[in-house]
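The values are calculated or read from the model by the stated rules, or taken from the named source; none is laboratory data. In this text, all values refer to a predicted model and were calculated from it rather than measured experimentally. Because the Cβ atoms are built from the backbone with ideal geometry, glycine has one as well, and the counts that use them run over all protein chains shown.
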Amino acid sequence: MAGSVDWVISNCVINLSPDKPRVFAEIARVLRPGGRVRVLDIVVEDLPDGVRRNAALFGSCIAGAISEAQYVAGLKAAGLVDVQVRERLTYDASQLRAMASCGLATNEESAALAERLAGKVSSAVFFARRP
Ligand SMILES: C[S@@+](CC[C@H](N)C(=O)[O-])C[C@H]1O[C@@H](n2cnc3c(N)ncnc32)[C@H](O)[C@@H]1O
């Protein structure tokens, strides 16, 4: 119901949505005035060519992710305020290998992709509030 929720929390799923502006708008719609948001998600910067079309990396929460700036802009565009990134962890190649190995054809392929993506993929915690 619109305007009925004190908090919206979410962990590592909005990256999978093909329509993120709609997700952000729905968050704003259900929050009561003064209601708060805590969302953790994967964010990416400058993904190499081809990664967006990699189904395994989509399933690993990487290929469908947007940038931190796009995330902040999306929450603000939905009418939310006090939008903040309070924590951020940028993954190195070994961490990405663990994340991206599921569904990839070979360990070599996974390792090479992890090297290409190192420093471009982070986990970020966003806070916001409905005015
Ligand atoms: C699509 S996410 C959904 C997570 C689910 N919403 C939850 O809170 O458990 C599923 C996979 O992402 C990974 N995952 C869960 N939380 C994560 C996080 N905060 N950062 C990175 N990966 C995460 C886990 O391996 C999990 O199998």
Worksheet item: Are any residues in segment 106-120 assigned to a loop (DSSP other than H, G, I, E, B) and at pLDDT 85 or above, and if so, which ones?
Response: Ala118, Gly119, Lys120
Response to the item:
If we keep only residues of segment 1-15 that are aliphatic (A, V, I, L, M) and more than 14 Å from the ligand (Cβ to nearest atom), then the residue surrounded by the fewest Cβ atoms within 10 Å (Cβ to Cβ) is Met1
Practice prompt. Could you check, for segment 46-62, whether at least one of its residues is within 16 Å of the ligand (Cβ to nearest atom), modelled with pLDDT of 90 or more and closer than 30 Å to Met1 by Cα?
Written response: yes
Worksheet, complete the sentence: Glu115 fails exactly one of (1) charged (D, E, K, R); (2) out of contact with any helix residue (DSSP H, G or I) (no Cβ under 7 Å at 6 or more places or on another chain); (3) farther than 30 Å from Ser4 by Cβ, namely (2)
